[in-house]
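One structure is given below, encoded as structure tokens.
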Amino acid sequence: MSPLVSMRKRIAFLFLCVSAFLVVLIVRLAVVQLGQGQELAKKAAETHFRGVPVAPKRGNIEDRQGNVLATSVSSETVYAIPAEVRQSGRTAEIAQKLSQVLGKSVDEITQRITKRSALEYVQKRVSPEVAQTVRALNLPGVGITEDSQRYYPNGPLASHIIGFAGIDSQGLEGIELTRDSELKGTPGSVEVEFSANGTELPEANRLYFAPKSGNTVRLTIDKNIQAFAERELQKLMSGQGENMNGQSPKTASILVMDPRTGEMLALATLPSFDPNHYQDFDQATRRNIAIQNGYEPGSTFKIVTLAAALEEKKIKPEEHYFDRGFYTVLGKNVRCWKAGGHGDQTFVQVAENSCNPGFVEMGQRLGIDAFYKYLRDFGFGQKTGIEMSGEALGILANKKRATALDLATMSIGQTNNVTAIQLLSAVAAVANGGTLLKPQLVKEIVSPSGKVVVPFKKEAVRRVISESTSKLEREILEAVVTNGTGRRAFLPGYRVAGKTGTAQKVANGAYIQGDYVASFAAFAPADNPKLAILAVIDGVPFYGGAVAAPVVQAVMLDSLKYLGLKPSLDAPLTPSKPLPGLEFPPVKKAATVPSVLGLPLAQAEKSLTQAGFKVMTEGTGVNVVDQIPHGDATVEAGSTVLLYLGQEAGISALGPWWEEEDEDIEAIKALQGRIPISAVQG
């Protein structure tokens, strides 16, 4: 082979190698540029840009009318970029200056600003003055970012429903927890350009990515009805409740539901807490006992026994039953609350008198299988599904081991353990025509633009009794209030149906004498119920008709008026007949409440006492920021006015009050104030 040919072959081989290398290089460049370009560009941006998070504004929680119950207010947070602090060589100086401004130890701040992290919060939620001072120091690696903190403008009002959020605006309890994903929003950031050695570039680009605010959660709760319920609870807990004689219960709850939809209009529990300062309260005060605690319901449960007996046609309302004062089952006597019994009576009168033997007879006629069917159908022994964490199941006696004696005691509301929300849901089913509904607390979810993204939807669980049975039982329970043991809940001009309940408490396997759970369940108007209310008062030496019925009466009257439901022409003005030996007191005259908004406490108390009213206070401060009832409201003379105290004057904390209607029926116009009725509890 000639030297020329050999040289040409070497050149060709070299050309092929270079070509192959170029092809590989081009392919690799294409892979990097086209296949990995976006990812690499993102990594480069992350290297050159460092982001400081900007917290989103947490969505509001509102009542059904749009009144704000929880909101977020702007605040600022001091942050540090530890890498930049260390690189400045001024760590000790920075820590010393921040210590003086923030009131923290030098060691604590040094630990934070030198921590091995991309970004460290030095102190959250600082005052505007502190934030401005930190900015003026112009310390390397230290800055201020936007933040927000949760504020509950009504303090303890509805605190067990709302819950509270932590320092990082994360929901911890209540609706704040269960709807955290809708409320929290999406964080934003401020991106600043840095060089390869970690220092901020002169004239650096700054990119701002705005945070997205959270959605508004609008509750089914009505702020004013909630306030009515909490007002009555405060009276009870201060010993001012009717027949309390200065004694205070351990706990108490009032629940208000719209039986047509399952919407909760109020869910009040005491003891309570202020979510603005939840850390300052005993953890036990944060327990929502109406949802998380069970109790033996006593005679209020007879509503369920009566419904089952009527539905299964085991009794007829006009049928007679003779009460000897006890009912013997398996050699044991289940006694009536009235010594000697009620004698001959119809089953309507059995309900009016809350006659234990009569209800035991209903249970025995039903039998264990049918009775347990209605227990389950009405939702006992299972969660209602209400949107609250920690809901209790309640406890039902084991059906396989249940005897005729167990059936007897269950028929009158003993043995089984239920929650207040279970019982109210069952009562609402009787009131609404026979359908058990899921109790609900959230009416709708609204976006920051005002669009409803999740509307309310009524959820029917099952039909438990027929329309005809519901109608018949409503009439019987109305007779309980008009003629029987529930007369302390009677409202002139309104048709109220209800049932008293008094359950002894169990300790060490035995019932405690003189320590009761007093309760009252009611709905109105009886012919077309708009409200169902349950009051449960734990730890009183009194019967449900004496303690709980007046509480329900007060909340029911104010709520009916607030909702614009006028007295009815066909509703009685007085109970049909008093119990033997008891007289109903005369109706007290009506009086107009003077407005004391904005006045100092001493002046407000003087004005109200001179007008003949009693005074209760809530909160701390020097001025009256709200009052219940509001100024110019017409109520019974001598009623109690609740004053909310604060530092500023003239700020309404509880919204509008119902107004009297001039066209109300003249015959009952003078009877529209709250009227206490004396009776005894069966």
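Residues checked against (1) at pLDDT below 85; (2) basic (Lys, Arg); (3) more than 60 Å from the chain's Cα centre (by Cα):
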residue: 40; (1), (2), (3): yes, no, no
residue: 44; (1), (2), (3): yes, no, no
residue: 48; (1), (2), (3): yes, no, no
residue: 64; (1), (2), (3): no, yes, no
residue: 68; (1), (2), (3): no, no, no
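With (1) free of Cβ contacts under 8 Å to residues at least 24 places away in the same chain; (2) surrounded by fewer than 16 Cβ atoms within 10 Å (Cβ to Cβ) as the list, and residue 389 as the residue in question, which single condition is left unmet?
(1)
Of the conditions (1) closer than 30 Å to residue 639 by Cα; (2) crowded, with 19+ Cβ neighbours inside 10 Å, residue 271 fails just one. Which one is it?
Going through the list (1) closer than 30 Å to residue 639 by Cα; (2) crowded, with 19+ Cβ neighbours inside 10 Å, residue 271 breaks only (2).
Output the residues belonging to segment 156-174 that are surrounded by 19 or more Cβ atoms within 10 Å (Cβ to Cβ), in a loop (DSSP other than H, G, I, E, B) and not hydroxyl-bearing (Ser, Thr, Tyr).
If the condition is that a residue be surrounded by 19 or more Cβ atoms within 10 Å (Cβ to Cβ), in a loop (DSSP other than H, G, I, E, B) and not hydroxyl-bearing (Ser, Thr, Tyr), then 156, 157, 158, 163 are the ones that fit.
Mind listing just one residue for me: the one in segment 114-151 that is under 11 Å from residue 80 (Cα atoms), out of contact with any helix residue (DSSP H, G or I) (no Cβ under 6 Å at 6 or more places or on another chain) and aliphatic (A, V, I, L, M) and, of those, surrounded by the fewest Cβ atoms within 10 Å (Cβ to Cβ)?
118
Based on what the data block shows, is residue 450 modelled with pLDDT under 95, of a type outside the set (D, E, K, R) and either surrounded by fewer than 21 Cβ atoms within 10 Å (Cβ to Cβ) or in contact with a Pro (Cβ under 9 Å, 6 or more places away or on another chain) (or both)?
yes
Please indicate, with yes or no, whether at least one residue in segment 637-658 is at pLDDT 75 or above, more than 25 Å from the chain's Cα centre (by Cα) and closer than 19 Å to residue 232 by Cα.
Yes, there is a match, as at least one residue in segment 637-658 is at pLDDT 75 or above, more than 25 Å from the chain's Cα centre (by Cα) and closer than 19 Å to residue 232 by Cα.
Has segment 561-574 got at least one residue that is loosely packed, with under 15 Cβ neighbours inside 10 Å, at pLDDT 90 or above and part of a loop (DSSP other than H, G, I, E, B)?
Yes - at least one qualifying residue is present in segment 561-574.
In segment 96-113, what residues are among the polar types (S, T, N, Q) and surrounded by fewer than 18 Cβ atoms within 10 Å (Cβ to Cβ)?
Correct list: 96, 99, 100, 105, 111.
Counting just the residues of segment 442-484 that are outside any helix (DSSP H, G or I) and among the charged types (D, E, K, R), which one comes out nearest to residue 212 (Cα to Cα)?
451
Can you name the residue in segment 298-353 that is assigned to a strand (DSSP E or B) and acidic (Asp, Glu) and, of all such residues, is farthest from residue 373 (Cα to Cα)?
Selected residue: 344.
The values are calculated or read from the model by the stated rules, or taken from the named source; none is laboratory data. Since this is a predicted model, take the numbers as computed values, not measurements. Note that we place each Cβ from the backbone using ideal geometry, even for glycine, and neighbour counts take in every protein chain shown.
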